[in-house]
Amino acid sequence: MDTSVGPTAEVDSKQSLAFNTLTFENRLRQPSEFAEIAVEIRRDIIRSLVRAGSGHSGGPLGSSDIFAVLYFGGIMRYNPSDMHWNGRDRFVLSAGHMAPVLYSTLANAGCFPKEELGTLRKFGTRLQGHPGRDMHLPGIETSSGSLGQGISIAVGMAISDKLIDRNDHCVFTLTGDGELQEGSVWEAAMAASNFKLDNFCWLIDNNDCQIDGRVPDVMNVYPIAEKCTAFGFDTFVADGHDYADIMRAFDRFRENHVNKVGKPTAIVFRTYMGHGVSYMNDKFEWHGKPPTKDQAIAALEELAGNE
Amino acid sequence: MELLGSKPTRHGFGEGLVTLGERYENVVVLGGDITGSVMTQLFKDKFPDRFFSIGVAEQNATTIAAGLALSGKIPFFASYGAFCALRNADQLRISVCYNDVNVKIGGGHSGISVGPDGATHQVLEEIAYLRTLPHMTMLVPADFEEARKATIAMGEMIGPAYIRFGRSPVPLFTTSETPFAIGKAHVIKDGNDVALIACGALVWESLLAADDLAKSGINARVINAPSIKPFDFNTVTQAARECGCIVTAEEHQVHAGLGGAVAECTAKNAPVPIEFVGVKDSFGGSGEPEELMEKFGLTWKEIAAAARVAMKRRDKGSSGVRSIVEP
């Protein structure tokens, strides 16, 4: 673990902003084991965003706990040294602007060197502002960023697995809650249910924030869980910052998949935008901007103290 | 080229799909509720396990197709061109073309020859859009047989592709022996006085125009250009150099379609006067196909008249001698 930053340490800004080489395994864990991983994901998000000088802070930080469980809790099957492995489960980031959390997660899983996180959004990088498949970054299944499309792509993958190849692979996709304003999201939901895709797991990052403000003030999308249920999903609402609750939600999906319930699963994760960094917590203003250097150092210190 | 009969290009698409289904087990088809109209029903009847009905949701169908392609399938999605080229424009741009995946789109009922359905269903703008998309292949076959060949060819190439076909029967004049290749335009009648470059239903009209011009001693070259993208710069440049003037003809807006592709090519390689036959910045309307083709000036008569104008401009030695014409 990077020991150069701490709540009381004299901060050498160069060191505190440096990436370390720490990676984590994907295996069954106790809920208490995820905090360390989520902190590292969050610190890498801060480090990459402050270097990039632009990008989205709020959503990535707010969803880090979900990513920690999904990628490091034995939920998803993947091989970090071969992300094209045929037997893998797939993850599609429909909310493409949340790319920093996916990049940080993949780097912490060992899919590519962590120093590469420092190239986020820079000329020639594989870590495009929004995921670009043309960059061939291990773990990026598809380009995304035009909201509402990733979930349909994930439905196509799930049809391929369940109805054509008839294998036992799962497909996970994450949308934001503002993204639910895109009508095609509901076309995808309708199709997932129509094709009885019990290998399909829809994660909704319900932080109630989007660029212009609180979600209901911009365009109300509530009630979310009821809508998912009405569209034919087995819907589970979970606290997106409580590891035990996140694990329960994924267990529910696993059971649905194994028991072939003939329904897709939706998990509405209640989260706070910017969670983990107190000055960003639940503030929609942090949707689409990076921290300054001073703010980044303060965030890294706070995260180090919370390990 | 002689007239061999009359058949809709959509039938060629439907039959081509069945051939692909027989050859490749990873070819799958997505339906958009009008499977009978766009002839995907033929595939559905033969390969029900590889057909998926998505309903009236073209954005979703296009993006689901991208997901299927990312999982190693070769998905075809067909609907009316108005809905599977433009309503889903962003899905085509990001999920299909930026991803550079094997998604194949069949755009039916294209142009005004759809007839009675009227302007909402008469797509006249999609050639312009699709040919600006990186990685996209865009094909406009001239008759049934070419549509069949083009469908098979787009299934056998790697990458995104779109085929434009129509509803009404159109003259059949190519055979299984007639050459077809993505990226190629073909001289189907030789001549050096003026080049008539056309796609779709207007290829036959161009042949009729050439017959008419021959009566006045004008020897027109007729070029069938089904591959809008990739475009055959060689054949078009050669025509410009050897004929010195060009007429383009298409069942599409005169802006940015085949005419635009020809103009871009010749402006760089061999600037010559060009006359554009197409719909002149207007929407279609209800009517019988023949009535509409007549009303919007998409027959051999307009092509022949345009050829005479193009030749006159060439013979005056400058393409800028007449007053400004819009569009």
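The values are calculated or read from the model by the stated rules, or taken from the named source; none is laboratory data. These numbers were taken from a predicted model, which means no experiment stands behind them. So basically every Cβ, Gly included, is an ideal-geometry build from the backbone, and we count neighbours across all protein chains shown. Ligands, DNA and RNA are excluded from the accessible area calculation, which covers all protein heavy atoms including side chains. Shrake-Rupley method; radii C 1.70, N 1.55, O 1.52, S 1.80 Å.
Observations
- The one condition from (1) surrounded by fewer than 24 Cβ atoms within 10 Å (Cβ to Cβ); (2) at pLDDT 85 or above that A:Met1 does not meet is (2).
- Of all residues in region B:70-91, those satisfying the criterion of being within 20 Å of A:Ser160 (Cβ to Cβ) and either outside any helix (DSSP H, G or I) or more than 8 Å from chain A (Cβ to nearest Cβ) (or both) are B:Ser71, B:Gly72, B:Lys73, B:Ile74, B:Pro75, B:Phe76, B:Phe77, B:Ala78, B:Asn88.
- Residue within region B:16-25 that is aromatic (Phe, Trp, Tyr), more than 8 Å from every other protein chain (Cβ to nearest Cβ) and open to solvent by less than 20 Å² (accessible area, probe 1.4 Å) present: no
- For region A:144-182, filtering for residues that are more than 17 Å from A:Val92 (Cα to Cα), at the interface with another protein chain (Cβ under 8 Å from one of its Cβ atoms) and not β-branched (Val, Ile, Thr) leaves 2.
- Criterion violated by B:Arg148 - all others in (1) open to solvent by less than 40 Å² (accessible area, probe 1.4 Å); (2) in a helix (DSSP H, G or I) satisfied: (1)
- If you filter region A:226-264 down to residues that are of a type in the set (Val, Ile, Thr) and within 17 Å of the chain's Cα centre (by Cα), you find that the one that is nearest to A:Arg77 (Cα to Cα) is A:Ile246.
- The residue list A:Asp65, A:Asp82 contains one member that is free of Cβ contacts under 8 Å to residues at least 60 places away in the same chain and farther than 16 Å from A:Thr119 by Cα, which is A:Asp82.
Every residue, every condition in (1) assigned to a helix (DSSP H, G or I); (2) over 23 Å from A:Arg90 (Cα atoms); (3) open to solvent by less than 10 Å² (accessible area, probe 1.4 Å), yes or no:
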residue	(1), (2), (3)
B:Arg10	yes, yes, no
B:Phe13	yes, yes, yes
B:Val29	no, no, yes
B:Ile34	no, yes, no
B:Asp45	yes, yes, no
B:Gln59	yes, no, no
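- Residues (of a type in the set (A, V, I, L, M, F, W, C) and free of Cβ contacts under 8 Å to residues at least 60 places away in the same chain) located in region A:254-297: A:Val258
- Residues that are at the interface with another protein chain (Cβ under 10 Å from one of its Cβ atoms), outside any strand (DSSP E or B) and over 22 Å from the mean Cα position of the chain (by Cα) are absent from region B:100-111 altogether.
- Scope region A:132-148; condition under 15 Å from B:Ala69 (Cβ atoms) and over 16 Å from the mean Cα position of the chain (by Cα); matching residues: A:Arg133, A:Asp134
- Qualifying strands (runs of 3 or more DSSP E) (wholly inside region B:167-257; at least 2 residues being surrounded by 24 or more Cβ atoms within 10 Å (Cβ to Cβ)): B:194-198, B:220-224, B:227-229, B:246-253
- Criterion (within 11 Å of chain B (Cβ to nearest Cβ), basic (Lys, Arg), more than 25 Å from A:Arg254 (Cα to Cα) and out of contact with any strand residue (DSSP E or B) (no Cβ under 9 Å at 6 or more places or on another chain)) met by exactly one of A:Arg126, A:Arg133, A:Arg121: A:Arg133
- Of the residues making up region A:121-166, those that are open to solvent by 50 Å² or more (accessible area, probe 1.4 Å) and farther than 18 Å from A:Ser104 by Cβ number 9.
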